[in-house]
């Protein structure tokens, strides 16, 4: 298995799930800021969308969406119980959380990276930021409420949804969106960061 990632991006969450799985894999960093990085051209060929992650399975086939990669890796490490058994309500709940992070949390916070691309007008950017930040806080408030009395999104058990939520929620510091109103999220972030696999990935990616 091989994962192409960019440090600190959503692909970091797949890196975490791979490390948690205990499976043998290779993680390859893609440096978008380095035009001479041969992996930049490679990703353009592998994924016409030009985005990461790009995951190459042991059969040589490719996945390039977070939700699919998290699920595939978890299912190939059943002894780690990263996802509940297929067909159970708990499995659907775990997928519900993965979908929430991908479709709501990621899209809201991630939109802040594109303000200048949306408009060169500073007033428009200001209004867009105000709207987007409101959506971000709506999603954070929802997650904070659901984390009440829980260690992780599913309760006591860590799942790939936690890895994904941890990475995406961490982007708030780049946009000066305080997490101080969200005590449950603050505790969650600290708890996930303390996991050995997570700490290892963050160190490897130069994020600590």
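No lab work stands behind these numbers, since they all come straight from the coordinates. All values derive from a computational prediction rather than experimental measurement. Note: ideal-geometry Cβ built from the backbone for every residue, glycine included; neighbour counts use all protein chains shown.
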Quick one: of the DSSP bridges fully inside the chain, what percent are antiparallel, nearest 5?
-> 60
Volume per residue that the Cα convex hull of region 89-195 spans, once the total is divided by residue count, Å³ | 94
Over all Cα pairs of region 19-139, how is the pair count split among 10 Å bins, expressed in % and running from 0 up to the last occupied bin?
-> 11, 29, 32, 22, 6, 0
For region 2-81, take the alpha-carbon Rg, divide it by the Kirkwood Rh, and send me Rg/Rh.
-> 0.97
Stretch residue 208-residue 179 to full length: gain in nm at 0.36 nm per residue minus the Cα-Cα span?
-> 8.5 nm
Here the relative contact order (percent) of the chain, from C-alpha pairs under 8 Å and at least 6 apart, is 24
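For an R0 of 35 angstrom, estimate the FRET efficiency from the Cβ-Cβ distance between residue 68 and residue 116 and round to the nearest 0.05.
Result of the calculation: an efficiency of 0.70.
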